[in-house]
Amino acid sequence: MKGSMDAQSVEGQRISRLTQVVTVAAGEVHRALGPGLVKVAYTRALAHELATAGADFAAEVEVPVTYKGIDLACTQRVDLVVGGAVVVVVHTVTTILP
């Protein structure tokens, strides 16, 4: 049991590190580009930042959708998957409300 808890802890730490890499990269994209662009611009800029940081990621990944263990025979496309564990879906807005 202790071994599985240690493995879960290690995986949790890995996901935390990956999330931090994504957060820093997204912050850099936001600072550089600001608001108002189309989604694809932010997604490509984020991919560039992740690549520059040496992060392992895949773009435009299709993920199967299941419901209560049943394959719904459809897929959801996500913008980026970082380290095989962190899913990133980019959204844009024209303005940020207070």
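Against the definition (at pLDDT 95 or above, under 22 Å from ILE15 (Cβ atoms), of a type outside the set (Lys, Arg) and in contact with a Ser or Thr (Cβ under 6 Å, 6 or more places away or on another chain)), how does ASP56 come out, yes or no? Full working, then the answer.
Values: at pLDDT 95 or above: yes; under 22 Å from ILE15 (Cβ atoms): yes; of a type outside the set (Lys, Arg): yes; in contact with a Ser or Thr (Cβ under 6 Å, 6 or more places away or on another chain): no.
Here the answer is no, as ASP56 does not meet what is asked.
Take VAL29 and decide whether it is touching an Asp or Glu at 6+ places or on another chain (Cβ under 7 Å), of a type outside the set (Asp, Glu) and within 21 Å of ILE96 (Cα to Cα).
Numbers: touching an Asp or Glu at 6+ places or on another chain (Cβ under 7 Å): yes; of a type outside the set (Asp, Glu): yes; within 21 Å of ILE96 (Cα to Cα): yes.
When the stated conditions are applied, VAL29 passes them.
With the requirement that a residue be in contact with an Asp or Glu (Cβ under 6 Å, 6 or more places away or on another chain), open to solvent by 70 Å² or more (accessible area, probe 1.4 Å) and not charged (D, E, K, R), what does the range 39-88 give you? Answer for the range 39-88, where residues must be in contact with an Asp or Glu (Cβ under 6 Å, 6 or more places away or on another chain), open to solvent by 70 Å² or more (accessible area, probe 1.4 Å) and not charged (D, E, K, R): just THR75.
Scanning the range 17-55 for residues that are in contact (Cβ under 8 Å) with a residue 24 or more places away in the chain and not in a helix (DSSP H, G or I) gives PRO35, GLY36, LEU37, VAL38, ALA53, ALA55. Number of residues in the range 19-38 that are open to solvent by less than 80 Å² (accessible area, probe 1.4 Å) and not β-branched (Val, Ile, Thr) equals 9.
Restricting the range 1-18 to residues that are among the polar types (S, T, N, Q) and at pLDDT below 90, the residue that is surrounded by the most Cβ atoms within 10 Å (Cβ to Cβ) is GLN8.
Applying a threshold of 6 Å to beta carbon distances and a minimum spacing of six or more residues, or different chains, the list of pairs starting in the range 82-96 at a residue that is closer than 14 Å to VAL29 by Cβ and ending at one that is open to solvent by 70 Å² or more (accessible area, probe 1.4 Å) reads VAL90/LYS39; THR92/LYS39.
The values are calculated or read from the model by the stated rules, or taken from the named source; none is laboratory data. For clarity, every value in this text was computed on a predicted model and none was experimentally measured. Positions of Cβ are generated from backbone atoms using ideal geometry, with glycine treated the same way; all protein chains shown enter the neighbour counts. Please note that ligands, DNA and RNA were not included when accessible areas were found on the heavy atoms of the full protein model with its side chains. Shrake-Rupley method; radii C 1.70, N 1.55, O 1.52, S 1.80 Å.
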